[in-house]
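Values in this text are rule-based calculations from the coordinates and carry no lab data. As the structure is a prediction and not an experimental result, all values here were calculated from the model. All Cβ positions, even for glycine, are placed from backbone atoms using ideal geometry, and neighbour counts span all protein chains on display.
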Amino acid sequence: MSEQSFDYDLFVIGGGSGGVRAARVAAGTYGAKVGLAEQDRYGGTCVIRGCVPKKLMVFASTYRDSFEDARSYGWSVEDGAFDWDNFSGKMNAELDRLEGVYRSLLDGSGVDKFDARATIQDAHTVALSTGETKTAKHILIATGGHPIRLGVENADQGIVSDDIFHLDKLPKSMLIIGGGYIACEFACILHGLGVEVSLYFRGAQILNGFDDEARGLVAEAMRARGIDMHSGANVLEMEKQDAGIWIKSSHGQERTFDQVFFATGRKPNSTDLGLEALGVKLARNGAIEVDEYSQSAVPSIYAIGDVTDRVNLTPVAIREAMAFTKTVFGGEPTPVDHDLIPSAVFTQPEMGTVGMTEEEAAEKGPIEVYCSSFRPMQTAFAGRPDRVMMKLIVCQETRTVLGCHIVAPQAGEMIQMAGIAVKMGATKEQFDATCAVHPTMSEEMVTMAKPVRSA
Ligand code: NDP
């Protein structure tokens, strides 16, 4: 097929953060002719059923503490109740607005939108559920992922994160299964909104893969706030009964909850796209295998974002989109940099992290650990026992800060800034050369004089 005979230079499948960014930049910056198909709502997981509504729910849930603390600061505050209907109506209106913004950004860049499901017919042809077919020089798959339930019988009686934003009313009690990002964030959110939350996770501790000391402090705080946490707890049986959903678990409990929420991981949306027949390679979990330029085993087909299961975070999908457009349309082959990505878990307290955990770093060579844990001024004054933690992992030989872990209110905001220094390869001495901002929690980052241990 000659180049001129394609309908598009690029056809994008999936209108989430990654797909929309790639389409907009390919069309707007590089002048490519671009089509994009989305079968659901524009904005994808992040905007419609993930980060954005989740963060609004985080904000809603933290007012409970604020009202209590306000009394300690001299305000007279009357006890009120949270009104889910009122909040969720506003939240959904905000999501509608954002979806509109995404649509108009695509229109403004001259991208042709197709509200349809797309499958791939051959290396250059996309078939739409409308019956149309479109040809393209390059095809970009940005179809994201979806939450998965456990294989236990009647699992469909429980909900997943997609459903949480559409509840008619908040349940009185909820079991959350899992100990990862989504499980821990929603345990805190729902507890803050007044739901009695139990968390069953199969391991010994929540938030696998994060720094042990940091996740230990988050777990301690969650327990202290009243979240009913159970380690080594697998769900063996579940069944809907008159009183709610009955659960039998591996740690010897039989309990009934109003609602059960599976937060047991996500899977790439790569099935029924026609990929295997074309020779696109998939990993065992369905992730599309791509090289450092996001190119699949079929040269005209690329993939970015959660469907590739590299680092499943919105800003990473966006960076993959930018690297893809630069490589394919900008003539500058640009590998995606997945090193030292800062991230935050929006638990209460939040955890912000960048670089290696103490455990990972200690395996690689001699390190020094600088750590400060204390009761911050704002909540200590209000009589709360909450502790925060600032921790730096330093390479003994080069003095480079290999990892930074923060457990504190607003840790997400702090780690974004600390992430710049860590990404630049700053040493402990360069952190120390920075004057403290007083009085703040994060000033500890530049005032920790002595290591608490070496390893
Ligand atoms: P995670 O991988 O973080 O957590 C999955 C949880 O499910 C883990 O606790 C895991 O246990 C447990 N699990 C998996 N399989 C089983 C099983 N068979 N039986 C019992 N438990 C099981 O996934 P999430 O769904 O929470 O989040 C998906 C991704 O989305 C995250 O990895 C992250 O990339 C992204 N995300 C990011 C957020 C942020 O940036 N703030 C917020 C939300 C999501 P175990 O640990 O023992 O394997």
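Evaluate Rg over Rh across the chain, taking Cα atoms for both radii and Kirkwood's formula for Rh.
On the way: Rg = 23.8 Å, Rh = 24.0 Å.
Ratio of gyration radius to Kirkwood radius for the chain: 0.99.
Sorting the segments 332-338, 188-194, 73-79 by their residues' average number of neighbouring beta-carbon atoms within 10 angstrom, most packed first, yields 188-194, 332-338, 73-79.
For the chain, adding -39500 (n - 2.57) for each run of n ≥ 4 DSSP H residues and dividing by the number of residues yields -9500 deg cm²/dmol at 222 nm. Evaluate E = 1/(1 + (r/R0)^6) for D258 and H438, where r is the Cβ-Cβ distance and R0 equals 41 Å; express this FRET efficiency to the nearest 0.05. E(calc), rounded to 0.05, equals 0.30. Evaluate E = 1/(1 + (r/R0)^6) for Q241 and E68, where r is the Cβ-Cβ distance and R0 equals 45 Å; express this FRET efficiency to the nearest 0.05. It comes out at approximately 0.80. Computed from label points 7 Å out along Cα-Cβ, the spacing between F381 and E276 is 6.2 nm. With a simple spin-label model that places each label point 7 Å from the Cα along the Cα-to-Cβ direction, the separation between R399 and H338 comes to 3.3 nm.
When peptides 90-96, 257-263 are sorted by average Cβ neighbour count within 10 Å, with the highest value leading, the order is 257-263, 90-96. Protection proxy ranking for 81-89, 112-120, using the average of other Cβ atoms within 10 Å per residue and placing the highest first: 112-120, 81-89. Here the dipole of the chain is about 340 debye; that uses its Cα centre as origin and unit charges on the Cβ of Lys and Arg (positive) and Asp and Glu (negative).
Among the listed pairs K90/K240; K169/K391; K55/K391; K240/K281, which are separated by more than 28 Å between their Cα atoms? Beyond 28 Å: K90/K240; K169/K391; K240/K281. The stretch between Q430 and D228, if pulled fully straight at 0.36 nm per residue, gains 68.5 nm over its current Cα-Cα span. Of the residues M377, A321, M417, the one whose Cα sits farthest toward the positive end of the charge dipole of the range 304-455, with +1 on the Cβ of Lys and Arg and -1 on the Cβ of Asp and Glu, is M377. Once the C-beta distance of Q410 and Y30 is scaled by a Förster radius of 51 Å, the resulting FRET efficiency is 0.85 to the nearest 0.05.
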